[in-house]
Structure formats: structure tokens, C-alpha cells
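One structure is given here, and the rest of the page talks about it.
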Amino acid sequence: MNGRWSELEDGFAAGRLFSQGFSYTYDDVILLPHYIDFPADAVDLSTRLSRRVPLSIPCVASPMDTVSEAAMAVAMATLGGAAVVHCNASPAHQAAIVRSAKSRRIPFVTDPAFFSPSDCIAYDTDFNSAPYALVTESGTAKSRAVGVVAWSDWESLADKNVPVSEYMRPAPASALASCDFEQVAAFLAGEGLEYAPLVAEDGEVVDLVTAEQVQMIRSFPKLGVPSVGPDGRFLAGAAIGTREEDKERLEHLVKAGANVVVVDSSQGNSIYQIDMIKYAKNMYPGLDVIGGNVVTIAQAQNLIKAGVDGLRVGMGSGSICTTQEVCAVGRGQATAVYKVASFAKDHDVPVIADGGIANSGHIVKALVLGASTVMMGSFLAGSHEAPGVYEYQNGRRVKKYRGMGSLEAMTKGSDARYLGDTLKLKVAQGVVGAVADKGSILKLIPYTMQAVKQGFQDLGASSLQSAHNLLRSDVLRLEVRTGAAQVEGGVHGLVSYEKKPF
Ligand SMILES: NC(=O)C1=CN([C@@H]2O[C@H](COP(=O)(O)OP(=O)(O)OC[C@H]3O[C@@H](n4cnc5c(N)ncnc54)[C@H](O)[C@@H]3O)[C@@H](O)[C@H]2O)C=CC1
Ligand SMILES: O=c1[nH]c(=O)c2[nH+]cn([C@@H]3O[C@H](COP(=O)(O)O)[C@@H](O)[C@H]3O)c2[nH]1
Ligand SMILES: [K+]
């Protein structure tokens with residue numbers, strides 16, 4: 001071309017596209033197809049969450065109190081991804097969530113209610129929306145199971161004021177919490193049981209598994225290669241803040257077996273975070289520490305210098321985020337991911353593209369632009385595995401989803417993060433909302449990963465490494481979509497339609 005413009009040059013290389021002074025988000029850009037010489041099923045999406053934490057799929061659940069607790073952690077680990085347990089709880093409570101997730105090898109948590117034989121059950125809600133509750137000697141998980149109360153038996157009682165010992169069913173044989181899904185399924189089938197307590201080695205009753213749950217899991221796509229830590233148990237991440245008291249939180253989490261910690265902040269390039277990273281790396285050299293959030297190379301540089309093993313990228317891109325409106329600071333997510341990943345790759349630091357993921361195409365774009373994983377809040381909120389209960393809004397089944405910087409989340413209970421700030425004025429950087437019921441992520445994520453594989457196939461990328469090679473060698477070509485091109489790229493011109501992705 002001899003430096004001259006050529007009409008045969010097609011699309012832009014990422015380096016050129018992202019250096020023109022625009023802040024682009026996923027919807028602004030489109031990837032041009034390349035050459036297919038392998039089937040979509042041959043695409044390998046295995047990756048790393050951080051330097052020493054491998055995953056078999058590039059999906060991470062956000063550390064938010066309407067997204068990541070034990071049920072999300074075990075489901076994500078089962079699928080080969082990971083969840084980061086939120087820190088909007090006391091250190092002991094957060095550690096208990098991590099412990100609960102790591103105490104089992106099955107993809108679900110039912111959180112049954114516990115009663116002692118002398119208890120009377122007054123309300124339907126005492127069953128935690130489950131068909132069965134457990135009866136133990138002391139009425140807590142830490143004693144021997146003596147029976148099971150079926151909601152249907154309780155419901156048919158004329159007088160609810162009788163102790164459960166009078167109508168409970170005898171406790172069936174227990175399954176060991178160390179059993180994986182297939183072993184639990186075989187145990188229930190072998191014993192001909194409808195349900196069985198799941199009991200840890202120390203005798204603690206962990207859960208109540210039912211044949212119905214086993215049937216439901218069987219109706220989902222085949223489970224992938226699970227994420228298991230060096231301890232042989234499900235992988236679980238956990239978030240911490242940057243206050244002095246977060247050092248004690250960190251100790252609780254390490255004792256509970258957290259495999260990786262995320263220092264959770266909207267602006268990670270701070271003296272507080274750098275000090276916390278250095279402290280955590282010094283105290284627990286075997287623990288991977290992820291820093292963030294960052295959106296620029298300068299921010300990333302400081303955290304990498306402090307010793308992070310992973311970087312969380314995104315400021316204001318989240319569905320519940322108002323940071324860009326409130327503070328005027330942030331960056332378009334496609335630009336942020338590309339820029340930070342371009343720097344982090346030379347330091348072997350994996351990048352998590354955090355926030356703004358609304359569909360599988362956004363995941364493809366994030367990964368191809370250099371991220372190793374995507375972190376999702378709204379995409380996973382509203383699922384069976386997300387904390388909270390379903391309610392109805394205008395006839396739609398929804399679950400609450402809220403920003404961790406919303407007033408409601410900031411002032412929740414004993415939120416230690418803001419205790420020191422009681423005299424300061426609090427300004428929200430997030431909203432409280434609701435998202436539609438998404439069913440189980442054990443179904444949603446496998447279908448989403450299949451869609452991502454199809455995107456990779458169109459690009460001629462058989463793995464994340466190969467996608468990153470195409471990006472860095474400028475073989476990958478992109479363009480910015482005009483407003484009209486974005487409309488054209490969506491469904492348009494129909495009187496009505498139903499969007500049923502799978
Ligand atoms: N990714 C995003 O775009 C955003 C995320 N969020 C989420 O909201 C939650 C809260 O985020 P932030 O408000 O950024 O939390 P943060 O804990 O980083 O900051 C809260 C305030 O405390 C100050 N602070 C932190 N450590 C301190 C220390 N040791 N001494 C004195 N002051 C200290 C900070 O400077 C800031 O003013 C997080 O879960 C975060 O992920 C909030 C806004 C934007
Ligand atoms: O500006 C913000 N105010 C908030 O209150 C807030 N809470 C979470 N986050 C960030 O949003 C990410 C999840 O975004 P999505 O719902 O789009 O997946 C999360 O992973 C966070 O990075 C917040 N950002
Ligand atoms: K936003």
C-alpha cells in the first residue's frame with residue numbers, strides 16, 4: 001500500500017479502531033467474519049480467572065448480593081465457571097456462604113428449614129418455599145437428623161399447633177456431602193428414596209436432596225468440567241473491601257477455603273486498594289488476588305505493580321450502574337477491555353470484562369477484545385440460583401436485582417463497609433430494580449456457551465488463545481456500526497415476533 005489508502009483494505013484492526021478518541025461499547029462495534037475450518041463444537045473456551053485459577057468456561061458471577069451466594073457458587077463451579085461471593089454481609093456470614101458452597105459437590109443448594117421435634121410450625125413461609133424441611137435433635141444443622149416434615153403433611157393439619165414430632169416422617173438414610181451429582185442420583189435411586197439428607201463428614205446436615213431435583217438436572221444439557229480448587233473442592237471466589245476491617249474478613253475467607261479474592265471497588269487505582277493488595281499477597285502468597293475496577297492502562301499499571309493476579313475491567317457499564325451519570329467518570333466497555341487487556345497481556349495478568357453483558361454476542365466481543373472471562377450481574381440475576389424470592393410485576397415473574405452502590409445495598413443491615421462513613425452524605429451510584437425469571441443457569445449458561453462457540457467459529461478462532469492471536473496479529477477486523485447499522489443488526493420491520501433463543 002506504500003502508506004496510501006487502499007480500497008482493498010477491509011475493516012479496521014483493533015489498535016486503529018480503538019485509538020481515535022471514541023469510547024465504544026459492545027453494541028458500537030461489529031466483528032468481521034474470517035475463515036471456518038472446524039466445527040463449532042471444536043471450540044475450546046477454557047481459560048483463566050486469574051494467574052493460577054483455571055476455568056473451563058469464561059463465565060464469572062458478580063460479587064453482588066442479588067447474584068452470588070452459595071447456590072450461584074455451586075452452579076457456576078459445576079459448569080466450569082466461578083462465582084465471587086459478595087461482601088455485603090458480616091465476615092462470618094460471608095465465610096459461611098463460602099463454606100456452604102465448598103461443602104458439597106452437587107450443583108444446587110436448597111437451603112432447607114430446620115426444626116427440632118418439639119417445634120410447632122406456624123406459617124407456610126417457615127418452609128423457605130421448599131416441599132420438605134429437616135428435623136434434627138437440636139433444630140439446627142449441627143445435630144443428628146431425626147425426621148423430615150413434608151409441607152403437604154403440615155398443610156393438611158387441622159390444628160397447626162402440634163409439635164412436628166407428631167407428624168414428621170422418619171429420617172431416611174443420608175448421603176455424604178462429598179458425593180457428586182451422579183453418586184447422589186445413584187444413591188437415591190438405589191435406596192428408592194424421594195429425598196435424603198446430605199451430611200458432611202463432621203455430621204453437619206448440609207442439605208436435603210430430592211429425586212425431583214435430580215430429575216430436573218437431568219433435563220438440562222450435560223454438565224461440563226467442574227471448577228475444582230487444589231483442595232479438591234468446588235472453586236469459590238469472594239469479595240473484600242479496602243477498609244482496615246477487611247483484613248479480618250480476608251482471614252475468615254481464607255479459613256473458609258476461598259480460592260481467589262476480588263478487591264471490590266468502582267475505582268481500583270487507589271492507595272487503599274494498593275495497600276490491600278500488598279497486604280493480601282504478603283499474608284497469603286498462595287492466594288490469587290484480583291484487583292479493580294480499572295478502565296485505563298495507567299490504572300492497570302499501578303495494580304499490576306502492586307502484585308494483582310487478575311484485573312476486573314469496567315466502570316459504569318453495568319446495567320444497574322449510574323456512575324457515569326453521577327460522577328462523569330468511566331469508559332465505554334469495548335474500549336476499556338481492549339485497552340486494559342492490551343497492557344495486561346504483557347504481564348500475564350488475565351482480564352475480567354465486568355458489566356454490560358446482555359447477550360452471547362457481548363460475551364464474544366469481550367473475549368475477542370482480549371478478556372479472559374466475562375463477569376455478569378444482570379445476566380444471571382433472576383435465575384433460580386440468584387438469592388431472593390420470585391414475585392410478580394405486571395404479570396411477569398421477577399426477582400430483585402440491585403446495584404451494590406444503590407442506597408438500599410449501602411445501608412443494608414450491618415454493612416461494615418460504610419459504618420465508618422455514618423457522618424458522611426451518601427450518594428447512590430446504582431439503582432434497585434427487578435429482572436425476569438431466567439430459569440436455572442444450569443440451562444442458560446450451556447446454551448449461551450454454545451452461541452459463543454458459534455461466534456468464535458465465524459471468526460475462525462478455535463480457542464481464546466487463538467482469538468487473542470487473531471486480535472494481536474491484526475487479522476481480526478472490526479468496524480463501528482452506525483445507528484442505522486445497529487437497528488439493521490437487530491430484529492426489525494416485523495409487526496410482532498417472539499424471541500426464543502433456545
Ligand atoms: N464497576 C462499576 O462501575 C461500579 C461498581 N460499584 C460497586 O459498588 C460497590 C461499592 O463501590 P465503591 O463505592 O467504589 O466502594 P469502595 O469501597 O471502593 O469505596 C467507597 C468509598 O470509601 C473510600 N475508601 C475505601 N477504602 C478506604 C479506606 N481504607 N480508608 C478511607 N476511605 C476508603 C473510597 O475512596 C470511596 O470514597 C462495589 O461492589 C462496586 O463493585 C459501584 C459503582 C461503580
Ligand atoms: O455503577 C455501579 N453501581 C452499582 O451500584 C453497582 N453494583 C455493581 N456494579 C457493577 O456492575 C456489574 C454488573 O453489571 P451487569 O448487571 O451489567 O452485568 C458488577 O459486576 C459491578 O462491577 C455497579 N456499578
Ligand atoms: K450503566
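The values are calculated or read from the model by the stated rules, or taken from the named source; none is laboratory data. Keep in mind the model is a prediction, meaning the values are calculated, not measured. Note that we place each Cβ from the backbone using ideal geometry, even for glycine, and neighbour counts take in every protein chain shown. We work out accessible area using only protein heavy atoms, side chains counted, and drop any ligands, DNA or RNA first. Shrake-Rupley method; radii C 1.70, N 1.55, O 1.52, S 1.80 Å.
General observations
- Unmet criterion (only one of (1) over 30 Å from Gln215 (Cα atoms); (2) open to solvent by 30 Å² or more (accessible area, probe 1.4 Å)) for Lys438: (1)
- Positions within the range 323-334 being buried (at least 22 other Cβ atoms within 10 Å of the Cβ) and away from ligand 3 (no atom under 12 Å from the Cβ), in sequence order: Ala334
- Test: Ile277 is open to solvent by less than 30 Å² (accessible area, probe 1.4 Å), within 16 Å of ligand 2 (Cβ to nearest atom), touching a residue at least 12 places away in the same chain (Cβ under 8 Å) and among the β-branched types (Val, Ile, Thr): no
- Checking each residue in the range 182-223 for being of a type in the set (Phe, Trp, Tyr), more than 19 Å from Leu444 (Cα to Cα) and in contact (Cβ under 8 Å) with a residue 40 or more places away in the chain picks out only Tyr195.
- Within the range 337-394, if we keep just the residues that are hydroxyl-bearing (Ser, Thr, Tyr) and either away from ligand 3 (no atom under 16 Å from the Cβ) or at pLDDT below 95 (or both), the residue that is surrounded by the fewest Cβ atoms within 10 Å (Cβ to Cβ) turns out to be Tyr392.
- Residues satisfying the criterion are absent from the range 81-98 (criterion: of a type in the set (Gly, Ala, Ser), under 23 Å from Ala186 (Cβ atoms), in contact (Cβ under 8 Å) with a residue 12 or more places away in the chain and crowded, with 23+ Cβ neighbours inside 10 Å).
- Lys305 being open to solvent by 20 Å² or more (accessible area, probe 1.4 Å) and closer than 24 Å to Gly229 by Cβ: no
- Contacts under 8 angstrom Cβ, first residue in the range 397-421 being polar (S, T, N, Q) and open to solvent by 20 Å² or more (accessible area, probe 1.4 Å), partner at pLDDT 90 or above and away from ligand 3 (no atom under 16 Å from the Cβ), 6 or more apart: Ser414/Ser90
- The range 280-301 - residue that is farther than 20 Å from Glu251 by Cβ and surrounded by fewer than 19 Cβ atoms within 10 Å (Cβ to Cβ) and, of those, farthest from ligand 3 (Cβ to nearest atom): Gln301
- Asp119 out of contact with any Pro (no Cβ under 8 Å at 6 or more places or on another chain), of a type in the set (Asp, Glu) and either open to solvent by 10 Å² or more (accessible area, probe 1.4 Å) or closer than 24 Å to Asp437 by Cβ (or both): no
- Meets criteria (within 14 Å of ligand 2 (Cβ to nearest atom), without any contact (Cβ under 8 Å) to a residue 60 or more places away in the chain and within 17 Å of the chain's Cα centre (by Cα)) for Val263: yes
- Residue that is in a helix (DSSP H, G or I) and β-branched (Val, Ile, Thr), where the choices are Val491, Val475, Val452, Val495: Val452
- Residue in the range 346-355 that is assigned by TED's automatic domain parsing to the domain that holds Leu478, away from ligand 1 (no atom under 16 Å from the Cβ) and among the β-branched types (Val, Ile, Thr) present: yes
- Within the range 201-237, the residues that satisfy the criterion of being under 14 Å from Ser178 (Cα atoms) and surrounded by fewer than 15 Cβ atoms within 10 Å (Cβ to Cβ) are Glu201, Asp202, Gly203, Asp231, Gly232.
- When the range 13-32 is filtered for residues that are small (Gly, Ala, Ser) and under 19 Å from Gly460 (Cα atoms), the ones remaining, listed by number, are Ala13, Ala14.
- Ala92 in contact with a His (Cβ under 7 Å, 6 or more places away or on another chain) and closer than 29 Å to Ser138 by Cα: yes
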